Amino acid sequence: MRLPLVMLALSGLALTACGHSNPNEAKPVSATSVAVTTAVQATSGEHPALTAGADSDGKELTLTGGQGLIVSLEANPTTGYAWVLGSLDQAIVKQNGSAEYEQDPNPDGKVGVGGKSVLNFVAVSPGATQLVLEYKRAWEQGIDPAKRFTLNLTVH
């Protein structure tokens, strides 16, 4: 009777260890680590990155050369929609990397929970430009975006 019990315990340990043995397996990313990574990427030494959200739509922001801008907007990629760059003079303000996604807390493990799309920009040279982001489905051509976000940017 002891041998089957020992075998059962050993097989349980083996199964537990298997869950962490693949070095190529994707590791979960928390919203905090995404936000910290984005903030570090978008911050220039003496000038902390500015942040903007839906409440900044249509407003004007002034940046200093090298200063970052972090735009965080509600999104839900399970619907097929994503925030994409509509227009921006990247000689003045440049997109820094791809959009990152932060899922809202989901304690019940429900499917289709939304979150925020975080886009990272950096001021490159003096001038003025308009940042336009569009919330749309990539495969829907010739259709107006579901949402549009605009910032008027000036870099000194």
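The residue that is farthest from the chain's Cα centre (by Cα), among those in the range 61-83 that are over 19 Å from SER125 (Cα atoms) and open to solvent by 40 Å² or more (accessible area, probe 1.4 Å), is THR79. Could you please find all residues in the range 89-109 being open to solvent by 40 Å² or more (accessible area, probe 1.4 Å) and part of a strand (DSSP E or B)? Selection gives LYS94, GLN95, GLU100, TYR101, GLN103. In summary, ARG137 fulfils each of the numbered conditions (1) at pLDDT below 95; (2) open to solvent by 30 Å² or more (accessible area, probe 1.4 Å) with the single exception of condition (1).
Considering the range 98-117, the residues that are of a type in the set (Gly, Ala, Ser) and either at pLDDT 95 or above or within 24 Å of LEU69 (Cα to Cα) (or both) include one that is farthest from the chain's Cα centre (by Cα), namely GLY114.
Here are some residues: GLY112, GLY86. Which one is open to solvent by less than 50 Å² (accessible area, probe 1.4 Å) and in a strand (DSSP E or B)? Give the steps one after another, and end with the answer.
Values: GLY112 fails: in a strand (DSSP E or B).
Going through GLY112, GLY86 in turn, just one is open to solvent by less than 50 Å² (accessible area, probe 1.4 Å) and in a strand (DSSP E or B): GLY86.
Any residue at all in the range 142-152 that is open to solvent by less than 50 Å² (accessible area, probe 1.4 Å), of a type in the set (A, V, I, L, M), in contact (Cβ under 8 Å) with a residue 40 or more places away in the chain and in a loop (DSSP other than H, G, I, E, B)? No; the residues of the range 142-152 include none that is open to solvent by less than 50 Å² (accessible area, probe 1.4 Å), of a type in the set (A, V, I, L, M), in contact (Cβ under 8 Å) with a residue 40 or more places away in the chain and in a loop (DSSP other than H, G, I, E, B).
In the range 115-136, which residues are in contact with a Gly (Cβ under 7 Å, 6 or more places away or on another chain), outside any loop (DSSP other than H, G, I, E, B) and small (Gly, Ala, Ser)? If the condition is that a residue be in contact with a Gly (Cβ under 7 Å, 6 or more places away or on another chain), outside any loop (DSSP other than H, G, I, E, B) and small (Gly, Ala, Ser), then ALA123 is the only one that fits. Can you tell me which of THR51, THR78 is of a type in the set (Ser, Thr, Tyr), part of a helix (DSSP H, G or I) and either out of contact with any Cys (no Cβ under 8 Å at 6 or more places or on another chain) or at pLDDT 95 or above (or both)? Selected residue: THR78, the only one of THR51, THR78 that is of a type in the set (Ser, Thr, Tyr), part of a helix (DSSP H, G or I) and either out of contact with any Cys (no Cβ under 8 Å at 6 or more places or on another chain) or at pLDDT 95 or above (or both).
From the list ALA123, ALA128, ALA99, the lone residue that is more than 13 Å from LEU153 (Cβ to Cβ), out of contact with any helix residue (DSSP H, G or I) (no Cβ under 8 Å at 6 or more places or on another chain) and among the aliphatic types (A, V, I, L, M) is ALA99.
The values are calculated or read from the model by the stated rules, or taken from the named source; none is laboratory data. Everything quoted here is computed from the prediction, not taken from an experiment. We place every Cβ from the backbone using ideal geometry, glycine too, and count neighbours over all the protein chains shown. Ligands, DNA and RNA are stripped out before the accessible areas are found, and what is left, the full protein with its side chains, is counted by its heavy atoms. Shrake-Rupley method; radii C 1.70, N 1.55, O 1.52, S 1.80 Å.
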